[in-house]
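Accompanying notes for the structure given below.
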Amino acid sequence: MPGLFAARVAADPDGIAVVHGEQAISRRELNARANRLAHRLLRLGVRPEDRVAVLTHRSDELIVALLAVLKAGGAYVGLDPRAPAARTRRILAETGAPVLLTDASDDSAYGGLRVVTCSDPSLVTEPDTDPEVPVHPDQLAYVSYTSGSTGTPKGVAVTHRDVVALAADSAFGGSAHARVLVHSPTAFDASTYEMWVPLLGGGTAVVAGADEDIDAAGVARLTARHGLTALWLTAGLFRLAAEQNPGCFAGLRQVWAGGEAVPASAVRRVLAACPGLTVTNGYGPTETTTFATCRPCPDGAGVPDALPIGRPLDGMRAYVLDGALRPLPAGVVGELYVAGPGVARGYLGRPEATAERFTADPFGPPGARMYRTGDRVRLDGNGELEFHGRADGQVKLRGFRVEPGEVETVLAAHPQVAQAVVVVREDRPGDRRLVAYVVPAPGAAPEPEALRAHVAEQLPGHLVPSAVVSLDRLPLTANGKLDRAALPVPPVESGGSRAGRAPRTSQEEDLCGLFADVLGLSSVGPDGADTGRGGRDRRPHGTDVSSTRSAGRPVGAGAGLARGRARPDRGVHRR
């Protein structure tokens, strides 16, 4: 990476490498500043593959810091200033980073490290010449920590070869990525694309201000101000921007989105508002250096209802395999394995986890490895990969294997649904149920029961959600991904869906209360119907919940909120 950037400096030293606010930094200046900091790191004892922690907000100093670490032969560990201190300390301990580069004035929370402030005035005394530290292509470039959705975050070890392969890919050729917006946290692997594709490709990295909001208004403002040509958004942020103002992408040449399923309706809306734009669905785990496959949607071309994740990037190979690692034919869903340049070295300090996910590639050249993504895909008739959910997302529900992604695909195909998420909830111990959350299409107000009927027409009964909750928008994490933990608990049905008599005796009342408690309903009548008495409507503002009747059998829509109870002053009479 340092060698490729040095070649860009030699070819066009006065070309603008970084823009931040009103500052425009040439390649020559960026190179000199990074050289000074690299010399300081070497004097502090940084050696090849030493991890150097970088904890700074978005700024030109962030770019200088990362380039300096690489010039010194080290590997940077991007830290998120928004992350809890406990997580940051754990990452620092696991990586064994001896040095912390920061823009903060108080770093007492991370004692024991040699701290270098990126704006330290004494750096001007260091040489601005290249330190000329030899760097091998297979040398560690950075460590990026996964989200920890499986319990414990893992540090993905990415090499120089991996990043150079991404930056040199033909998908980023031409001038479409000449001025790319940098807005993702350095701890997020999307920043690899945002920074290194333009910097190593002869373009300009435009760094958004630390307090700049990346929403529809922010995208339009930054594009007009800095002449952006391309940017990356998570699928969630892209969808929100498309809803707020689909024309906010006007002036850009390419928009890449991903991280989750990209809604086809949002892509169509944006393309209709922005002639000449290409929206690309970019797929790739952190372990494959940001992108492994992509599917461009140029202006004027049709957008499939279920947007494929496309074809592999240059030199990469995608295999759809069964449980015995046998290739599956087109049209059959299997697990996706990715091989070729971009597949990371493995997980830092975790040989067991590395061996489990990074396996020998039986279809590639000798010594080749492939990464087991855990994603289920299939090849369509055009030779493109279709995403079909997570392999480890399969769950057992009432004795059936359930893949929520399969239900999401069916719901998202409904014309009145813009986006759908399906989860298995257990709001009461032992009471697991399938719940769908939908964002209606603009101007639509789909009836939850109609959506359940739509699913029932295409999928077996055990895949029909017991409740459908309509939301104005899906909750997002700080990184713009779906925040599943923030999905609201489905409310109980409000009662009155069927007429029925009330309990006439204390025994009937107690038994009805016990059935309601087991089923998670507000009330149940002696004949199995809701009495309409005592049901409490606890729906949060802006939500709607389906009827909870299926095939004549009551199924709870949300246990644990309000339920019938046996009266405490009476015993339950048994015969």
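The values are calculated or read from the model by the stated rules, or taken from the named source; none is laboratory data. Keep in mind the model is a prediction, meaning the values are calculated, not measured. In this analysis, Cβ positions are derived from the backbone assuming ideal geometry, glycine residues included, and neighbour counts consider all displayed protein chains.
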Cβ pairs under 6 Å, 6+ apart or interchain, first in the range 308-323 and over 26 Å from Ala412 (Cβ atoms), second hydrophobic (A, V, I, L, M, F, W, C) and assigned to a strand (DSSP E or B), ordered by first then second residue, are Arg317/Ala339
From the option list Ala445, Ala436, single residue qualifying as in a loop (DSSP other than H, G, I, E, B), among the small types (Gly, Ala, Ser) and touching a residue at least 24 places away in the same chain (Cβ under 8 Å) is Ala445
For the range 293-313 the number of residues that are under 18 Å from the mean Cα position of the chain (by Cα) and within 20 Å of Leu252 (Cα to Cα) is 2
Condition first: more than 28 Å from Thr159 (Cβ to Cβ) and in contact (Cβ under 8 Å) with a residue 40 or more places away in the chain. Can you find one or more residues in the range 250-260 that meet it? yes
Exactly one of Arg253, Arg239 is of a type in the set (D, E, K, R) and surrounded by 21 or more Cβ atoms within 10 Å (Cβ to Cβ), and that residue is Arg239
Here the residues within the range 311-327 that are over 9 Å from Leu379 (Cα atoms) and not charged (D, E, K, R) are Pro312, Leu313, Gly315, Met316, Ala318, Tyr319, Leu321, Gly323, Ala324, Leu325, Pro327
Selection from the range 183-197 of residues in contact (Cβ under 8 Å) with a residue 40 or more places away in the chain, surrounded by 24 or more Cβ atoms within 10 Å (Cβ to Cβ) and in a helix (DSSP H, G or I) yields Ala190, Thr192, Tyr193, Trp196
Subset of the range 323-363, residues surrounded by fewer than 17 Cβ atoms within 10 Å (Cβ to Cβ) and in contact with a helix residue (DSSP H, G or I) (Cβ under 7 Å, 6 or more places away or on another chain), comes to Gly349
Query raised in the report: What do you reckon, is Pro442 crowded, with 17+ Cβ neighbours inside 10 Å and either over 29 Å from Phe515 (Cα atoms) or of a type in the set (Lys, Arg) (or both)?
Result: no
Checking Thr192, Thr186 in turn, the sole residue that is under 23 Å from Thr373 (Cβ atoms) and of a type in the set (Ser, Thr, Tyr) turns out to be Thr192
Q. Does Leu271 fit the bill of being part of a helix (DSSP H, G or I), closer than 16 Å to Leu181 by Cα and not charged (D, E, K, R)?
A. no
**Asked** If you go through the range 361-378 one residue at a time, do you hit one that is outside any loop (DSSP other than H, G, I, E, B), among the acidic types (Asp, Glu) and at pLDDT 95 or above?
**Response** no
His226 fails exactly one of (1) within 15 Å of Leu476 (Cβ to Cβ); (2) surrounded by fewer than 19 Cβ atoms within 10 Å (Cβ to Cβ); (3) of a type outside the set (Gly, Ala, Ser); (4) touching a residue at least 60 places away in the same chain (Cβ under 8 Å), namely (1)
Residue count, the range 52-72, condition under 25 Å from the mean Cα position of the chain (by Cα) and of a type in the set (Lys, Arg), comes to 1
Restricting the range 451-466 to residues that are in contact (Cβ under 8 Å) with a residue 12 or more places away in the chain and in a helix (DSSP H, G or I), the one nearest to Val422 (Cα to Cα) turns out to be Leu463
By residue number, the members of the range 210-258 that are among the β-branched types (Val, Ile, Thr) and in a helix (DSSP H, G or I) are Val219, Thr223
Scanning the range 262-275 residue by residue, those farther than 24 Å from Gly340 by Cβ and in contact with a strand residue (DSSP E or B) (Cβ under 9 Å, 6 or more places away or on another chain) turn out to be Pro263, Ala264, Ser265, Ala266, Val267, Arg268, Val270, Leu271, Cys274
(message) Suppose the filter is at pLDDT 95 or above and under 21 Å from Ala257 (Cα atoms); does Ala220 pass it?
(response) yes
Within the range 410-426, restricting to residues that are in contact (Cβ under 8 Å) with a residue 60 or more places away in the chain and not in a strand (DSSP E or B), the one that is nearest to the chain's Cα centre (by Cα) is Ala412
